[in-house]
Amino acid sequence: MAHNTIKGNYEKLTERLNKFPQGVPPSDTLFKILNVMFSEEEARLVSLLPIKPFTVETAAAVWKQDLEKTAEQLNTLASRALLLDIEDNNGAQTYVLPPPMAGFFEFSLMRTGGELDQKVLSELFHQYINVEDEFVTHLFGSGETTLGRAFVNEKVLSDDNALHVLDYERASEVIKTASHIGVGMCYCRHKKEHMGEACDAPMDICMTFNNTASSLIKHGYARQISEEECLDLLDEAYEHNLVQFGENIQNKVNFICNCCSCCCEALLAARRVGSTQAIHTTNFLPVVDFDNCNGCSKCVDVCPVDAMTLSSKHDPKHKRARVALLDEETCLGCGVCARVCTKDGISLKSRATRVITPVDSTHKAVLMAIERGTLHNLIFDNQAHLNHRVMAAILGVILKLPPIKQALASKQFKSKYLVSLLARYNKNSEQPPPIST
């Protein structure tokens, strides 16, 4: 009887994954995916790992085993991109369990070969992500702060537009400032290839940066490339009318995907749950020139979220004349439509309200956790001892949130310490510098 009351290790792993703000709703399909990717013992071990970055010593204490065996197991998991191993400038090694998306789901298909049956895994991913509704709705449709954001096509920016683009809003600047740059296979198109549905867009064009790139390059899931090579790939993406979808933070962006509307999970989700709910937009909107537009429909064909349609010009002399019509509530502001227009019929303008991007991954995680009711998982990670520097970083973000977000954080945290800390901070600062959401 005792055996029947103990939860399976894959269920425990699912519970651990759901400590992330972007979790994984349990289902039979999910358990099959995890069974392909993790052995039962690995599932048990990983279910015990902390959310925050951790050392070999931390894992050994949690797993109650010696350092040598722990290091071997951690390195094995990292070699399969189930963990990321990060080495700082002083040579200190830490590990982190990435979320499923963007994370180890994608990593599993960023190269060919290996021990996994990628066709079986692709079929399971398709079932879990594209057929079953709960995962996509939870990942892309919960909360104001999204996982990723769109980048504007820099080739179509006018001189005036360029004055209004901040550095972190440029994919080219992400490339130029990265400590490491890697390129791997596009997870989405690779998955579709196994399903017999891939398009002809470039496959080896998934960009990773910084610590994530360093780990993936080390274990063969990405190929190290230079800044110049990556900028050439960006130009290639522009030529294929691909949309740049990257991590929704300003500093140390870890990925930029070059997405087609037929294969990309994010763009498919955007059309299912609402594009601006699923993806943070750019700070631009297309403007259609009524006189120059000839209704050719090129912009309609390339729009990744169906924000462009054709409407009658209502011209009594040309009753069949059509003009492009934009749905601003749906538009991502990627600018692909302006690129394909050959009649100077589309230009870009700044949005009336500027889109705010989280400063870094800690800021984004705190916002997502507050909105999804999981802040306590970030603050009190019961799987390991608290890392006080990480705690300080998280509390630092909370202190700079607007009052409404602070109140919501306090309610979830249910900590007299946080309430008093917020009160003291706001009392001592006449105008606290808020981090807008």
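Coordinate-derived values only; no laboratory data. This is a predicted model, so every value here is computed, not measured. Counting neighbours? That spans all protein chains shown, and the Cβs are built from the backbone with ideal geometry, glycine included.
Brief remarks follow.
- Overall form of region 2-131 per C-alpha gyration tensor (a/c, 1.5; a/b vs b/c): oblate
- In terms of its C-alpha gyration tensor, the chain comes out prolate, because a/c is 1.5 or above and the ratio a/b outweighs b/c.
- For region 2-131, averaging the sequence separation of C-alpha pairs within contact (under 8 Å, six or more residues apart) and dividing by the residue count gives a relative contact order of 25 percent.
- Net charge of neighbours whose Cβ lies under 10 Å from the Cβ of Q93, counting Lys and Arg as +1 and Asp and Glu as -1: -3
- About the centre of its Cα atoms, region 29-116 shows a dipole size close to 320 debye [charges on the beta carbon of Lys, Arg (+1) and Asp, Glu (-1) only; nearest 20 debye].
- Peptides 45-58, 143-156 ranked from most to least packed by the mean count of surrounding Cβ atoms within 10 Å: 143-156, 45-58.
- For Q118, neighbours were defined as the other residues whose beta-carbon sits under 14 Å from its Cβ, and their charges (Lys and Arg +1, Asp and Glu -1) total +1.
- Region 114-159 - Rg over Rh from alpha carbon coordinates, Kirkwood radius: 1.22
- Over the chain, relative contact order from alpha-carbon pairs under 8 Å, at least 6 apart, %: 15 percent
- For region 284-348, the dipole from Cβ point charges (+1 on Lys and Arg, -1 on Asp and Glu) about the Cα centre works out to 400 debye, to the nearest 20.
- Computed over the chain, the per-residue total of -39500 (n - 2.57) for DSSP H runs of n ≥ 4 gives a 222 nm mean residue ellipticity of -11500 deg cm²/dmol, rounded to 500.
- GNM top mover of V243, V397, V355 - the chain, alpha-carbon springs below 10 Å: V355
- Between helix 403-413 and the chain: long-axis angle, C-alpha atoms, 0 to 90°, nearest 10: 30 degrees
- Across region 234-278, no residue has a backbone nitrogen under 13 Å from the label position 7 Å along the beta-carbon direction of Q127.
- If you run the Gaussian network model on the chain, springs between alpha carbon atoms under 10 Å, then out of E228, E106, E371 the most flexible one is E228.
- Magnitude of the charge dipole, the chain, Cβ model with Lys/Arg +1 and Asp/Glu -1, debye to 20: 1440 debye
- Gap separating the Cα centres of region 97-137 and region 240-303, nearest whole Å: 22 Å
- Checking the cross-link pairs K176/K405; K19/K69; K155/K317; K52/K400; K298/K364 against a 32 Å limit on the alpha carbon distance flags K176/K405; K155/K317; K298/K364 as lying beyond it.
- Helix 388-399 vs. the chain, principal-axis angle (Cα, 0 to 90°, nearest 10): 40 degrees
- Fraction of C-alpha pairs exceeding 22 angstrom in region 130-243: 46 percent, rounded to a whole number.
- Each Lys or Arg adds one and each Asp or Glu takes one away; over the other residues whose Cβ falls under 13 Å from the Cβ of R322, this sums to +4.
- The angle between the Cα long axis of helix 361-372 and the main principal axis of the chain comes to about 90°, on a 0 to 90 degree scale.
- Shape metrics for region 197-249, restricted to C-alpha atoms - Rg then Dmax, Å: 12.1, 32
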